[in-house]
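Visitor: My questions will all concern the structure given below.
Any read-out appearing in this document is the output of simple, stated calculations on the displayed coordinates, not a laboratory observation. Just so it is clear, the model here is predicted, and its values are computed rather than measured. Ideal geometry is used to build each Cβ from the backbone, glycine not excepted, and the neighbour counts take in all protein chains shown.
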Amino acid sequence: MLPFALAMLLFPVVARWLGKRLHAATLLALGLVTVSFGNMMIATAVYQHHLLLTLAGMALLGSGGGLLNGETQKAIMATVPPQQAGMASGISTTARFSGILLGFATLGAILAASTQWQLQSAMLHAPLPLQPGFSAQVIAGDFRHALAMYDAVHQVSYNHSSLPATPMDLPACCCVLPHLPCFPPSLCSIRRVSQRH
């Protein structure tokens, strides 16, 4: 998560610099395109098991988020009367954090369920006995205790080929696909706000 966090920290400064040279609509569109490319890069990296591409995608995703962060709030505040600015800011912040929490919870549940299903399927085809609680330990990342459930013979036969090949394919698709229909309405609304101001 470090590339994502660093990009989110640095790119609001870049957005402030770009805001003096670019129109708000252009900057918001640039942020949306960057976020979408970052999501697609992460999905590709997960499918190909490419660590460096994953880190680059996370940095690109954070860059787009950094560009959008301040500009989104400014665009929202520009559409409401000054006497309703406090209410608009509160609604915007609540909606944003609700979306973040809902997204993390939903994708986390999808990731856990798909990983557990693929892990159990792979072990049944290996064939390896599936100990109770093994898949839960693997999903939690506690591989030491998970492998300790098996004796030495099973630990030797339990290699990387028995693990699911692409446990994150479904969550990766879930990250990318929702962004595709967002571009036309977003650009239209940005254009309407720009014409109004």
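Visitor: Need one word for segment 1-62: rounded, prolate or oblate. Basis is the Cα gyration tensor (sqrt eigenvalues a ≥ b ≥ c); a/c below 1.5 gives rounded, then a/b vs b/c decides.
Guide: Since a/c reaches 1.5 but b/c is at least a/b, the shape of segment 1-62 is classed as oblate.
Visitor: Just subtract the alpha-carbon distance of A85 and A5 from 0.36 nm times their residue separation and send over the number in nm, one decimal.
Guide: 25.9 nm
Visitor: Between T93 and L107, how many nm apart are label points set 7 Å from Cα along the C-beta direction?
Guide: With each label point 7 Å from Cα toward Cβ, the separation is 2.4 nm.
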